[in-house]
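Beneath this line is the structure, given in structure tokens, with notes to follow.
The values are calculated or read from the model by the stated rules, or taken from the named source; none is laboratory data. None of the values given here were measured: they were computed from a predicted structure. Note that each Cβ is placed from the backbone with ideal geometry, even for glycine, and that neighbours are counted across all protein chains shown. Areas reflect the complete protein model, heavy atoms only, side chains present, ligands, DNA and RNA absent. Shrake-Rupley method; radii C 1.70, N 1.55, O 1.52, S 1.80 Å.
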Amino acid sequence: MSKIADKKKPAAAALEPEDITVANTDVLTKYKAAADITNRVIAQVTATCVDGASILEICVNGDKAIEEGTKAVYTKGKISKGVGFPTCISVNNVICHFSPLATESEAAQTLKNGDMVK
């Protein structure tokens, strides 16, 4: 009778919540991988911020670079990855988070000399 009762009891490990802090080396490794991708994309986006560049294209290409970077890591299992926040730039009177949609009038805006601070 005890064998049947033992089979119905959940394992002690299954009851413990998963450690999702940086104390878990797997979590820390994923954060480091994300930081590497982020640093590469920031360098790419910064290089494209030149006079006459389309702000929409900069943001879209930044998102594509993030997607490409995340596609190559953690390909086994179901791990959520991709763009967590759209690529944005700050232009003049817009302090932050400027990422125009293609359907908005701001989508036609381009960078001009004096807009870029690197």
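Which residue is most open to solvent (accessible area, probe 1.4 Å), if the candidates are limited to the range 62-105 and must be touching an Asp or Glu at 6+ places or on another chain (Cβ under 7 Å) and assigned to a loop (DSSP other than H, G, I, E, B)?
In this case the residue turns out to be 92.
Of the residues that sit in the range 21-61 and are over 21 Å from residue 71 (Cβ atoms), hydroxyl-bearing (Ser, Thr, Tyr) and in a helix (DSSP H, G or I), which one is least open to solvent (accessible area, probe 1.4 Å)?
46
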